[in-house]
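These notes concern the structure reproduced below.
Here, each number is a calculation from the coordinates, and none is a lab measurement. Since this is a predicted model, take the numbers as computed values, not measurements. Using ideal geometry, Cβ is built from the backbone for each residue, glycine included, and neighbour counts are taken over all protein chains shown.
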Amino acid sequence: MFKSATGLADGVGLTGDGHCGALSGGTMAIGYFFGRSREGFSDVMGQLKACILAKRLHDEFIEKYGTCRCADLQSKLVGRFYNLYDPAEFEAGFKAGMPEKCSTVVGEAARMATRIILEEQKKEKEKAQKQGSGK
């Protein structure tokens, strides 16, 4: 999954125009644990749990950062948007601290997603135990 998320960087393909790749990655992790299987793809309701949990991640991300759009995050974190396809802009972005600032956002999104996943797994385990004991 890590490798497949590479193109999500900087708002998808280094454009800054999409939502933060860290949010996308967290959503992918949630989907990995709670998403539909290929066999269950036609069951539209099968995606509901993953969507609810992904929305929780999105809402927490917005609460913390005020936006999920990459260009807006850059402006908030390092003062402006940098076009990473332009070598001078790329260098300026690095000097402004983009790698460190963005890595912090990635880490925080990973923590949020991990907490959501673990909480939901705990709920599912407790529910299964109650059903197994006849309560």
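Does THR114 qualify as being surrounded by fewer than 16 Cβ atoms within 10 Å (Cβ to Cβ), touching a residue at least 12 places away in the same chain (Cβ under 8 Å) and either under 22 Å from LEU23 (Cα atoms) or among the acidic types (Asp, Glu) (or both)? For THR114, the condition - surrounded by fewer than 16 Cβ atoms within 10 Å (Cβ to Cβ), touching a residue at least 12 places away in the same chain (Cβ under 8 Å) and either under 22 Å from LEU23 (Cα atoms) or among the acidic types (Asp, Glu) (or both) - is met. Sub-8 Å Cβ pairs linking a first residue in region 73-92 that is assigned to a helix (DSSP H, G or I) to a second residue that is among the charged types (D, E, K, R), at least 6 apart or interchain, are GLN74/ARG80; LEU77/LYS101; VAL78/LYS101, ordered by first then second residue.
Right, GLY18: touching a helix residue (DSSP H, G or I) at 6+ places or on another chain (Cβ under 7 Å) and more than 30 Å from LYS122 (Cα to Cα) or not? Considered against the rule, which asks whether it is touching a helix residue (DSSP H, G or I) at 6+ places or on another chain (Cβ under 7 Å) and more than 30 Å from LYS122 (Cα to Cα), GLY18 comes out as yes. Determine whether region 64-86 contains at least one residue that is more than 16 Å from GLY25 (Cβ to Cβ), surrounded by 17 or more Cβ atoms within 10 Å (Cβ to Cβ) and touching a Leu at 6+ places or on another chain (Cβ under 7 Å). Yes, some residue in region 64-86 is more than 16 Å from GLY25 (Cβ to Cβ), surrounded by 17 or more Cβ atoms within 10 Å (Cβ to Cβ) and touching a Leu at 6+ places or on another chain (Cβ under 7 Å).
Among the residues here, PHE61 qualifies as touching a residue at least 24 places away in the same chain (Cβ under 8 Å), touching an Asp or Glu at 6+ places or on another chain (Cβ under 9 Å), closer than 16 Å to GLY25 by Cβ and crowded, with 18+ Cβ neighbours inside 10 Å. In this entry, TYR32 passes the filter for residues that are loosely packed, with under 13 Cβ neighbours inside 10 Å, more than 12 Å from the chain's Cα centre (by Cα) and assigned to a helix (DSSP H, G or I). Quick check: anything in region 119-129 under 19 Å from HIS19 (Cβ atoms) and surrounded by 16 or more Cβ atoms within 10 Å (Cβ to Cβ)? Scanning region 119-129 turns up no residue that is under 19 Å from HIS19 (Cβ atoms) and surrounded by 16 or more Cβ atoms within 10 Å (Cβ to Cβ).
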